[in-house]
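K.L.:
Here's a structure for you.
The values are calculated or read from the model by the stated rules, or taken from the named source; none is laboratory data. A quick note: this is a predicted structure, and the numbers were derived from the prediction, not measured. Here the Cβ is made from the backbone with ideal geometry for all residues, glycine too, and neighbour counts use every protein chain on show.
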Amino acid sequence: MSFTIAIDGPAAAGKGTISKAVAAHFAMAHLDTGLLYRAVGAQVLAGADPLVAAKSLCPDDLKVSGLRRPEVALAASEVAVLVDVRKELLAFQRSFSRREGGAVLDGRDIGTVICPKAEFKLFVTATVDVRADRRYRELRSTGMDITLEQVLLDVLARDARDADRATAPMIPAKDAVVIDTSELSVDEAIADAISLVQNGMKS
Ligand code: CDP
C-alpha cells in the first residue's frame, strides 16, 4: 500500500526534523528533496552545467560532504528556478512517493506539484527571525564561522527566490494543514505533526 505525506515550507522552518520523525513514527521512507537541489547546486559551484548535473544525479551525490553549507543552499535555490532542472528531478521524486509502505517527502512543491494527490499535506512555517536563529545555531554547532546577520540575509534571499519563481513556487497547497513552529520546542512540533497526520489518516 502506498501513502504519501507531503511536507513543505520555507528554509529552516523545521521540515527536515519533523519529516524524519514522522517517517520514523509511521515506519515510512523519507526523502529530503532539498538534497537533490543542493547536490545539483554543489556541482554547479564546481563548474558543472545545471541540466547536465540534474540528468546525471545519482544516490552517492546526495551523500557528499558540504551540502548543508549556506553557499550550496543559495546555489540550490538558483538551480531550482530552472524549469528543465525541476522536470529532470520530478520522476525520481514521484516514484519515491509511491513506495510500498508509504513515503514522507519534504521540500517546497511536494503538495502542489510533485504529489498533488498526497494523502496528507503539511506546510511547516515559522517567523523569519526564529528560522534564521535556528539555522545560525545549527551552522555554528558545526564549527562554521558565520554571523546571524549573514544567515538572516541568506534565508530572506532564498525565501524570496523560492516564493517568487514562476515554476513550482513555494506556496501552501490549498488542502495543506499549516503548522507554525515559532513558539514550539522540537518535541512539541514533532508531537503536533504526528497527531495532525494521525487525525488526517482517520478522516
Ligand atoms: O533545509 P532548507 O529548508 O534550508 O533547504 P532545503 O530544503 O535543503 O532546500 C534548498 C533549496 O532547494 C531551497 O531553497 C529551494 O530553492 C530548493 N528546493 C526546491 O526548489 N524544491 C524542493 N522540493 C526542495 C528544495
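K.L.:
Given the conditions (1) buried (at least 24 other Cβ atoms within 10 Å of the Cβ); (2) farther than 30 Å from Asp145 by Cβ; (3) touching a Leu at 6+ places or on another chain (Cβ under 9 Å), which single one is not true for Asp109?
P.N.:
Checking Asp109 against (1) buried (at least 24 other Cβ atoms within 10 Å of the Cβ); (2) farther than 30 Å from Asp145 by Cβ; (3) touching a Leu at 6+ places or on another chain (Cβ under 9 Å), the one that fails is (3).
K.L.:
Could you list, ordered by first residue, the pairs with Cβ atoms under 8 Å in which the first is in the range 51-68 and within 24 Å of Val83 (Cα to Cα) and modelled with pLDDT under 95 and the second is of a type in the set (Val, Ile, Thr) and within 14 Å of the ligand (Cβ to nearest atom), at least 6 apart or interchain?
P.N.:
Arg68/Thr142
K.L.:
Determine, yes or no, whether Met201 is in contact (Cβ under 8 Å) with a residue 60 or more places away in the chain, loosely packed, with under 13 Cβ neighbours inside 10 Å and aliphatic (A, V, I, L, M).
P.N.:
The answer is yes for Met201.
K.L.:
Right, Phe92: touching a strand residue (DSSP E or B) at 6+ places or on another chain (Cβ under 6 Å) and aromatic (Phe, Trp, Tyr) or not?
P.N.:
no
Table: residues versus (1) under 14 Å from the mean Cα position of the chain (by Cα); (2) surrounded by fewer than 21 Cβ atoms within 10 Å (Cβ to Cβ).
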{"residue": "Asp32", "(1), (2)": "yes, yes"}
{"residue": "Val52", "(1), (2)": "no, yes"}
{"residue": "Ser56", "(1), (2)": "no, yes"}
{"residue": "Pro59", "(1), (2)": "no, yes"}
{"residue": "Arg69", "(1), (2)": "no, yes"}
{"residue": "Ser77", "(1), (2)": "yes, no"}
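K.L.:
Another question, then. Filter the range 79-91 down to the residues that are surrounded by fewer than 19 Cβ atoms within 10 Å (Cβ to Cβ) and farther than 22 Å from Ala11 by Cβ and list them by number.
P.N.:
Listed by number, the residues that qualify are Asp84, Lys87, Ala91.
K.L.:
Additional query: Residues being surrounded by 19 or more Cβ atoms within 10 Å (Cβ to Cβ) and free of Cβ contacts under 8 Å to residues at least 24 places away in the same chain: count how many of those fall in the range 1-30.
P.N.:
Adding up the residues that qualify gives 0.
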